[in-house]
Every structure is written in structure tokens, then in C-alpha cells.
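Comments concern the structure below.
What follows draws every value from the coordinates through simple rules; no lab data is involved. All values reported here derive from a predicted model rather than from experimental measurement. All Cβ positions, glycine included, derive from the backbone under ideal geometry; neighbour counts span all protein chains shown.
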Amino acid sequence: MHPAYSVILFTTSSGAGYGLLALLGLVGVNHGQASSLWFGVTAMLVALGLVTIGLLSSTFHLGHPERAWRAFSQWRSSWLSREGVAAVATYVPALLFGLVWSGLIEAPSWVAPLGIFTAVMAMVTVCCTAKIYSTLTTIRAWNNRLTVPVYAAFSLATGALMLAAISSLFGRFQLFQVIIGVMLLVILIALKLAYWRAIDTNPRNHTMEDATGLGRIGRVSQWEVPHTSENYIQKEMGYVVARRHAAKLRRLVILLLLLAALALLAAILAPAIAILAALLAAAAGVFERWLFFAEAQHVVTLFYGAKAA
Amino acid sequence: MTSLPPPSAKKLGLVIDLDTCVGCQACVTSCKEWNTQGYSEPLTDTTPYGADASGVWLNRVHGYEVKEQGQDQSRIVHFPRSCLHCETPACVTVCPTGASYKRAEDGIVLVNPETCIGCKLCSWACPYGAREYDVSHGVMKKCTLCVDRIYNENLEVEDRQPACVKACPTGARHFGDLGDADSKVSQLVAERGGYDLLPEMGYKPVNKYLPPRARRDATNQKAEALPKPDGSAFDRLFVWADKLLSGKQATVRASDLDHSSKLEG
Ligand code: SF4
Ligand code: SF4
Ligand code: SF4
């Protein structure tokens, strides 16, 4: 699948934003009000900023951004619609939580319930995004039970490193942030490795013979494409990265995540390194998302010369 | 509404005969011609006369080479591909806006160009590559089963058929109600063993494909071997004359041959 940069930016940025939002909600449940107004306001602005940049960039790739509101209507059948509804709905508890948690509005008893509500809505939104991909039976690499867990783990891990980075700026870096961050990174690495293993071992059992139905006569190969230059289908669905190149990028993703974990540990000695950890994880996120698209083969490629899918 | 309607009794669709299709592209061009002026906005072409011409087409004809067991010569099968108006199409249910829908009355799958936001998700959900995004209008396009012809009372009765069906010079495309077991198309499917594309995907296509018939004897025989050069004076004379006359061209032909031999393997 063609890796569209707007979609990569959208999913990584909003993923980190929702992860941060969810963790801030839990921090609120555990610690009550933020320790300072500025820390609270900054953390909320970063979280909602990342989410909003992501949502805006996802509308840029639409043919008709001005009609985007229509996407809220089909939540009964469409995960994309559900994602839109959940994304917008999350703003309500998130903004209220931001106000009471940061201390802009004095209502300590509301911090915990709003924190839980925000955390749940944030993760629901991330899972809806992942469901858009995991429910497409036309793309084997996505139609996988690890797609949703990997999206959720990425969101939480990048969010946790964001939290550590912001805390370090305000002199509020704490050991529990390191523990949570490293744990999430380890879970993420394990899930991503399991995902790659799953897509590598999953048999590509649709063939060109099946697609054309001509297997009943004999062995099929492409003789002539229907047009002189690449069409939409080939550009959008025909993109597959070379295996060797993909293997290199996979190693890079894991390396960046490991370095992020090391940087987070080093931040125990010098908290400012947490910022580096967050940047490393964000970079890993971008490469991972690029691969998620580039490694995914669409079944329609069978009509265009692919032997199996 | 992108939730699917209850299954309709009437299932309009096409039956495509892979035996008689000669790959002339008449259906392709007539489809483009009719649909560029009808139902939705025009089917745009970008740089149609430039080096990288591309455009939106609702119907495309592939060519496949099929190597039968025990045959020396493979056969070419021309393979038209357009929307199959599936009975349970995910292209409809994934649509967030309701722009994609399946008609309850006859099962035709359409896109409303007034409400489509151009998110392209439906094209990802179609296993058959039947949906093409129109960059210049920012909306998705697909075969309409010529809904603006088949019910069009301004047309003569015999013209109330899809443009592609009317255009086909060999009668390889048939239009009708596949929900009615007694219809001509259903009988044709039963008689010729019409089949679904990728049935295991579970989309339940309405359109059916009729397989190429078995070869007749004449085409079964091995190609007669060309006489081999025997190295005689005559042969050498011809080789010399050939070189002299063809010059550069000979190398072009040789590379063509290389190309075709690659496709064989
Ligand atoms: S062929 Fe594709 S576009 Fe047409 S109904 Fe089936 S899934 Fe949808
Ligand atoms: S491109 Fe248009 S028709 Fe297709 S899913 Fe998006 S809104 Fe629906
Ligand atoms: S039925 Fe109409 S829209 Fe569909 S392929 Fe034929 S000519 Fe094109």
C-alpha cells in the first residue's frame, strides 16, 4: 500500500497525543490535581495539540475536506466513522479534565472521574483507528489480530515518553515514569516482533489463478496490462517495499525503540535526556508506520501480475 | 446509508464471456464515453496526450497468458474487469459518509458524488480494483451498471442496456437479472459453468465469468516447426542479404523476442 505522508503523520502524532492524554488521565486519578498550573496547562496543550495536528492532517488528504462532517454519520457500519465520532467526543472529557486537573478550575473531586473518562475515550479512539486497518480482509498484513494491540502499545509508549519529557522540563521527572515508559517500550517491541513474525509466516494463499478463476485451465501469468501507464489502483495499492529494504527498516525501528529505553534509563541521572528518548520513540513511530503501509500487499495486485497475495 | 439493505430479489449484473472476448477494448471506450457525460462528473484524464497519461476508467480489459497442462502453446485470455456489484461488499460498509450504497431494489452499488469526501477507504476494501479515485473531482468513481441507461425511458427499449454491453462486437457481455433463475443470463451461467471471482473473499459477486471453452483440435496441435537453416550456399546468401537489408532493425526484433520469452517463464 502506498504510504501517504499525511496518514503517517496523522496516526503517529494523534497516537502519541492520545497516549499522553490517557496517561495524564491516570496520573490525575493517582496523584490528584497537577503539581503546578503551568505543568498541567503545558502537558494538556501538548496532548491536545498532537491530537489536533493529527486530526487536521487526516482531513488534508481528503478529496473534499469541507464535507468531512459527513463522516460522523455512518458509525453503525464504518470504523472510520466511529473513529471520527470518538475523536471528537474525546475533546469533551479531555478539555474538562484539563481545566480541573491543571487547576484552572478548582474542583478536585472531579479530577479522578474525568481522568478515567478521558483515558478510556482516548484509547477507544486509538483502537477505532487501528480497526479501520485490521478489518480490511483485502490486506492480509493488516487483517491480523496484532494490529490493534500494536497501535495501542505505540500510542501508550510514545505518550509515556512525552510525559517524561514534559515532566523533565518542569523539574518533575520521577522514577515511576521511567518504570512505566520502559515497561511499555518492552511490551511494544515484543508485540511488534510478534506482528512481523505473524505476517512473515502467514501463507500468501490467494493466487493469480484464484483471482482470475483461470486456474481451472492452467497456469496464469500476466500478458498485457489494460493501460499504457500506471493507474490509480497500481499507484495506491501496488506499492510494496523490497524485502531487503524492509528488513533494514525493521531493524532500525527496533534499534530506535531500544535507544529510547536506554535514554529513558539515563534520564534517571540527567532528566533532560528524557526529551531525547521521546524524540527517538517518535522517529521509531514514523518508520514503523511507513513500513506498516509499505509492507502491506493488497489482494488486487493479483490482477496486475502478482503471483500470490 | 452504508449499512447493507436486506438482500434484494432482483440482482442486476453482467455476465462476461471469456471465451468470446477478443480484447478489442470497445466496452472500455464506450463505457468511458457514456459515463463521462452522464450520472456523475466527467471521468477525468490527466495529461491525456503527455508521456504519463492516466485517467479514470470504470472498466478495464486485462490480458492473461494461460499455460495449459500438456500443451506447448499457451493461450491468451482477455479479461474485462469492472465492478461486480457484490451482494455483501465491504466497499459499502466501510464508507464513513453514506456516499457508497447498495440499492435495495436491484442491488446496484453506487457512489453519491455529492456526499463522497474522497477518503478512498472504499477502494482499499474492494478486492477487485473496481473503484478508481478521481483526483480532479476529489471523489470516488465506479461502474454504475449504467443505471442512467437501463431505466432511461428517453432511450429506445433496445438501448436500455449498459453501454459496454451494447458496444461489444462479439457479444461477450450480457446484462440481466441474476436473481431470477429463469433469466437468460442465469441460464447462460448454469449452462456454461459461470463462476465468481475470489469467492473465498466472501463478497458474493453478482457478476459472473464464463470460462473459455476447451480448445478445438486445430489449435491443439503443435506449431509446425520452421525449417532449420542447413548451412547451404543458399542459406548463407539469405543470411548475408538479411544482414545487409535489415541493419539496425534486426537488433530491435531480437530484443522483442527476449521480452516475449521472459513472459513465458
Ligand atoms: S466489485 Fe468492488 S466496488 Fe464493486 S461491489 Fe464488489 S467490492 Fe464493491
Ligand atoms: S471515498 Fe467516498 S465513497 Fe469511498 S468510502 Fe470515502 S466517502 Fe465513501
Ligand atoms: S455497465 Fe456501464 S458503467 Fe459499468 S462497465 Fe459497463 S458501460 Fe461501464
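Being assigned to a helix (DSSP H, G or I), aromatic (Phe, Trp, Tyr), within 16 Å of ligand 2 (Cβ to nearest atom) and without any contact (Cβ under 8 Å) to a residue 12 or more places away in the chain is not true of A:TRP75.
The residues of the stretch A:113-149 that are under 21 Å from B:GLY129 (Cβ atoms) and either assigned to a helix (DSSP H, G or I) or in contact with a strand residue (DSSP E or B) (Cβ under 8 Å, 6 or more places away or on another chain) (or both), listed by number, are A:ILE132, A:TYR133, A:THR138, A:ILE139.
Among the residues of the stretch B:126-140, those that are near ligand 1 (Cβ under 7 Å from one of its atoms) and either out of contact with any Phe, Trp or Tyr (no Cβ under 9 Å at 6 or more places or on another chain) or under 18 Å from B:ASN35 (Cα atoms) (or both) comprise B:ALA130, B:ARG131. Looking only at the stretch A:243-254, decide whether some residue is within 12 Å of chain B (Cβ to nearest Cβ), crowded, with 18+ Cβ neighbours inside 10 Å and outside any loop (DSSP other than H, G, I, E, B). No, the stretch A:243-254 contains no residue that is within 12 Å of chain B (Cβ to nearest Cβ), crowded, with 18+ Cβ neighbours inside 10 Å and outside any loop (DSSP other than H, G, I, E, B). Being more than 7 Å from chain A (Cβ to nearest Cβ), buried (at least 22 other Cβ atoms within 10 Å of the Cβ), within 16 Å of ligand 2 (Cβ to nearest atom) and farther than 30 Å from A:ALA87 by Cβ is a condition met by at least one residue of the stretch B:68-85. Just to verify a result, which residue in the stretch B:79-122, among those that are within 16 Å of ligand 3 (Cβ to nearest atom) and among the charged types (D, E, K, R), is nearest to B:LYS32 (Cα to Cα)? Looking at the filtered set, the residue picked out is B:ARG81. When the stretch B:130-179 is filtered for residues that are touching a residue at least 24 places away in the same chain (Cβ under 8 Å) and surrounded by fewer than 18 Cβ atoms within 10 Å (Cβ to Cβ), the ones remaining, listed by number, are B:VAL135, B:SER136, B:VAL147, B:ASP148, B:PRO169, B:THR170, B:GLY171. If you go through the stretch B:8-40 and keep only what is within 16 Å of ligand 2 (Cβ to nearest atom) and surrounded by fewer than 17 Cβ atoms within 10 Å (Cβ to Cβ), you end up with just B:TYR39.
Within the stretch B:130-146, can one find any residue that is away from ligand 2 (no atom under 16 Å from the Cβ) and touching a strand residue (DSSP E or B) at 6+ places or on another chain (Cβ under 7 Å)? Yes; the residues of the stretch B:130-146 include at least one that is away from ligand 2 (no atom under 16 Å from the Cβ) and touching a strand residue (DSSP E or B) at 6+ places or on another chain (Cβ under 7 Å).
Among the residues making up the stretch B:86-125, those that are farther than 17 Å from B:GLY13 by Cα and out of contact with any Cys (no Cβ under 9 Å at 6 or more places or on another chain) are B:THR93, B:GLY98, B:ASN112, B:PRO113, B:GLU114, B:THR115, B:ILE117, B:GLY118, B:LYS120. Of the residues making up the stretch A:174-216, those that are among the small types (Gly, Ala, Ser) and either within 30 Å of A:ALA267 (Cα to Cα) or within 7 Å of chain B (Cβ to nearest Cβ) (or both) are A:GLY181, A:ALA190, A:ALA194, A:ALA211, A:GLY213. Scan the stretch A:217-236 residue by residue and report those that are outside any loop (DSSP other than H, G, I, E, B) and within 7 Å of chain B (Cβ to nearest Cβ). The answer is A:GLY218, A:ARG219, A:VAL220, A:SER221, A:GLN222, A:TRP223, A:GLU224, A:TYR232, A:ILE233, A:GLU236. Taking the stretch B:1-58 as the range and being more than 17 Å from B:VAL139 (Cα to Cα), assigned to a strand (DSSP E or B) and not aliphatic (A, V, I, L, M) as the test, the residues that pass are B:GLY13, B:ASP17. Taking the stated definitions as given, is A:SER78 buried (at least 23 other Cβ atoms within 10 Å of the Cβ), in contact with a helix residue (DSSP H, G or I) (Cβ under 8 Å, 6 or more places away or on another chain) and within 14 Å of chain B (Cβ to nearest Cβ)? Yes. Looking only at the stretch A:51-72, which residues are surrounded by fewer than 20 Cβ atoms within 10 Å (Cβ to Cβ) and not in a helix (DSSP H, G or I)? Residues satisfying the conditions are A:HIS61, A:LEU62, A:GLY63. Scanning the stretch B:1-28 for residues that are more than 12 Å from chain A (Cβ to nearest Cβ), more than 16 Å from ligand 1 (Cβ to nearest atom) and out of contact with any Asp or Glu (no Cβ under 9 Å at 6 or more places or on another chain) turns up B:PRO6, B:ASP17, B:THR20, B:CYS21, B:VAL22, B:CYS24, B:ALA26.
Listed here are the residues, each with its yes/no results for (1) away from chain A (no Cβ under 14 Å); (2) more than 30 Å from A:VAL7 (Cα to Cα).
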site: B:ALA125; (1), (2): no, no
site: B:LEU145; (1), (2): yes, yes
site: B:ASN152; (1), (2): yes, yes
site: B:ALA167; (1), (2): yes, yes
site: B:LEU178; (1), (2): yes, yes
site: B:ASP182; (1), (2): yes, yes
site: B:ARG192; (1), (2): no, yes
